[in-house]
Each structure stands twice: as structure tokens, then as C-alpha cells.
1. If neighbour count is taken as other Cβ atoms inside 10 Å, put I120, I11 in order from fewest to most.
2. Could you tally the net charge around I165, taking each other residue with its Cβ under 13 Å from the Cβ of I165, Lys/Arg +1 and Asp/Glu -1?
3. Tell me the volume per residue, in Å³, of the convex hull enclosing the alpha carbons of the stretch 57-106.
4. Of N184, Q322, Y426, which is farthest on the positive side of the dipole of the chain, counting Cα position, with +1 on Lys and Arg Cβ, -1 on Asp and Glu Cβ, and the Cα centre as origin?
5. So how much slack lies between Y239 and N166, counting 0.36 nm per residue of separation and subtracting their Cα-Cα distance, in nm?
6. Note the angle between two axes, namely the Cα long axis of helix 77-90 and the longest principal axis of the Cα atoms of the chain, as a number of degrees from 0 to 90, rounded to the nearest 10.
7. Sum -39500 (n - 2.57) across every DSSP H segment of at least 4 residues in the chain, then divide by the residue count to get the 222 nm mean residue ellipticity, nearest 500.
8. Using DSSP to call loops (not H, G, I, E or B), can you name the GluC sites (Glu not before Pro) in the stretch 346-424 whose Cβ has at most 14 other Cβ atoms within 10 angstrom?
Amino acid sequence: MLKNKKIVLIIPPYKESKKGHLPLLSIGYIAAYLERGGYHVKIIDAIALNISEYETVDLVLKENPDAAGITTVTSSRFSAIKIIKLIKEKNKNLFIFAGGRHFHSVSKESLTDIPCLDLIVRGEGEETCLELLNGYFEKKDLSEIRGLALRKDGKIIFTPERDAINLDALPMPAWHLFDLSLYNQTLEGEKKTKAIGVISSRGCPNNCVFCANNSFLRTLRLLSPAKFVDQIEFLNKNYGYTGFDIWDDTLTMSRKHILEICDEIIKRNLKIIWYARARVNTVDYNVLKKMKEAGCGIIGYGIESGSEKVLKEIKKNITIKQAKDAVRLSAKLGFIIKCWFIYGLPGENFDDIKKTRKLMRQLKNYGALYGAKVLNFSNFPLLYPGTPLTESSMQENIFPKDFRWSSEIFLEKNKKLGTDTTIPLYESRTFKIDEIIKYNKKYDRKISELLQEFFYQVRQIKNFETFRNFIKRFFKFVF
């Protein structure tokens, strides 16, 4: 009987994620779907448990499972591969399947390089995993199941893609299978309210060339606002959560959707605070005002560049005016605002970086004007599998020689920049990262920039606490 079969779902260790780790929604949804299908499910979250690959394998085998599934992002892929190999060394007959955005994007290469991995679930995993396990235990031909990459007759084959899932048909994530006491992350940007992740949509219809979402199902689907707020209310009433990190790629993609979510939260009188990822071309004053009334305290915008030319090059589909308007309105309404920028994008030059720096300063000044916190973050573009930027970089031989996603690598330049040392950086042949860093350091030392930053910090002084922080920053800079 299927109900007697035990399935272990594994989240591999990744030390860099420990500080900001939350229960993984994808695993929570798959676990709930398998439970509804009659399986006994165990989740082993090695990040939350703070254990090694060897300890993870010991826990998996201690459960004596009938099958094991493992997910990974690109950053933790080597831990996932190591766990798969260690499990097979100790129990060669255990059926192991893998999924997640990384394995989806490099399915053929992974099955080629990891012979002990039985197969890969591609795309959304709920329906595919249930049908896969039913077929495996009933000894059916797995090549007839949609959404898989597997070996057959000595070849790696891809079965037809599965249709996009209706989110309203999914059960609530299996929160009871996570030890929630292990997760102590606070709300992003606010840093004091204990938070948990929730999601109201899947799929991003945008086409930014650098974004990992490009490799996955892009059809936008929405969970009905009432069902979504049911999850928030459940976590609030049953587990005491008041902070919610909403994981939608763009929560504001549908105006009707976000307004109905806000109305539902207000109607239920939920005393919560939440963080939303948005796009500057999907918000206006009325939307932001309603979000604020419903408890949204932090909002994030991926702006990427202050150059219209670069924004067109990366297919961001926003304008500088939209960025300014969105941040100004958000500051006026009292949000904590996080703005994300990327240096070294395709087609960029020093003039474009100067425009980006100018925009970053203007956005911070909106915060000073309205007494709001505007936080600017910048990095260099990483090349994730399956993105248009990665594909073009491979054609241009920007990748390290003989690079394989399944072969361990340590990138020294990444370490110096404080970024993931296992994921290649995009670096134009005509505009080097070292040149950009040198330019930014020189720019930071300009008297006009120093004065701008000094007066901006002065305008942030509202009370004794902010005055003390200003003095600390001032002395740190001077001495």
C-alpha cells in the first residue's frame, strides 16, 4: 500500500544561507501534495539543522525511506551532488530523484555527470512527484510520465512538459513537517520581527536577461487572495507569526490581485507586517497606500541601472522616471525601501555607471526628504544556468575553460568581491570588473560625493539613536 511508503525530502546544507534561511516553500508544497496522495513524508532541512553532508546522509538512511528526493539551487549544487553519491554508496538500491530550478536548467548535463542520480523532476514538482512515485512503486514505465528527464535505453530523454499548476488546487504547505523552532530569521529590511515565507503567485512573465526565472516556467498564475490570506492567518493564529516575507517574484504584477489581498488582510484585522518584492512599473500611489494600510512595511525594487540604454539592453522594461516615481511615493508613505542595482551589465560603460550612481543618490535623498529609509544594494551579475545572459556568455567563451555545472570550481575573483565562489561572473571583454571597482572607489572619494553623503546622513538624524549612529559612521570614516 502506498500509504506505508516513506519518502524523505532533502534540503542540502549551504552554510552561507544559514543566517537568512526560512522553511523552503517548494518542499513544503511537495510534501503536502505527497501526504495527500497517501505517502508518509519526512523533511530533512540540513541548513536549518546546521549539519554537514555526511550527517545529512546519516539522518536520511536512519529513516529507512523507500525513496528520497533532493532539491537544490545553483549555490548548493555541490552539497546536493555529494549527498546523492554518499547515499548511493551506502544504499545503491534507494531510488533518488532530484528537482529544483538548478537541476531543471541543467538536466542533461546532471544526468550525464551524476550516474547515481536516478532521474530529474523538471518544472513544478507537486503533480509530477506524486505521479512519479506512484509509477515507480507500481513498476510502470516512467518515460510515460510528463515533466521528467531520465535515462532510457542508454540515452537521456525528456518527457513532455507538464501543464502549469492551478495554485488553488494545491494544499497548504506542510508546515507541520518543519521544526519551526529552528528558523529564527527576522523580516528582511526590518530586522526585528520573526518572519516566515509565503507566496501568492508563481511565474514571472518578464524577460530580464540575467534572471534565473528565465529558465523556469514563466506563466503567471495567481493563488486566490482569500486562499493566500488563509495561509497568513493560519500561520498567525497557530504559530504566532506576525512577520511575512512574500516570495512572489513580483507581488504587484496584477493590480487586482494585490488590492484584493490587501482588502482581505484589512477585513480580517490581521496585525502583521510584511515585505513585498515589486517592480517600479507596477505600482502607483493608490496601490502603495493600500499595501501600507494592510501592513506592508518593506518594499523591494530591482532597478538594476540608472541608464536607459542599459535597461533596454537587459530587457528590464522599466524607465528611470518610473523608478524615481515608485521610490518617491514609497518614501512619502513611510516604507522601508530596498533598491537593487547591478554593475557591469551588457553594454555598460563608465558614463552608465555614473548615471547609476546619480540615481542611487537621488533615491536616497527621497528617503531623507520624507524621513524614510532607502537602502541601495549593488553587485555584479552572476551567470545562472538557463538565462539568456548565460547562453550568450557561453557562446562568447566568457565561461572558465572546460566549465561543467557538476564539476567543483572555486572562482578567486568572486571571493574578492564577496559573491558566490561557485557561480561564474559576467564580465564584458571590453569593460572589466576591476576597472569598475577602481572607478567606484575614485567616485566615492570625490568631494561632491562626500558632501552629498554627509548631508544625507545629517538629514537622517531624528533622535538620539540616529545621532549616535551618525557619530559612529563619521568617526569610522575619518579615522
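Derivation of every value follows stated rules applied to the coordinates shown; laboratory data play no part. Just so we're clear, the structure is a prediction, and the values are computed from it rather than from any experiment. With ideal geometry, Cβ positions are generated from the backbone for all residues, glycine too; neighbour counts draw on all protein chains shown.
1. Working: I120 23, I11 28.
Sorted ascending by nearby Cβ count, the order is I120, I11.
2. Working: positive: R146, R162, R202, R221; negative: E124, E126, E127, E131, E161, D163, D168.
Result for the local shell: -3.
3. Residue-normalised Cα hull volume stands at 72 Å³.
4. Q322
5. Details: separation 73, 0.36 × 73 = 26.28 nm, distance 2.69 nm.
Gain on extension, Y239 to N166, equals 23.6 nm.
6. Its long axis makes an angle of about 20 degrees.
7. Values: 18 runs with 195 residues, N = 479.
When only DSSP H runs of four or more count, the value is -12500 deg cm²/dmol.
8. E396, E408
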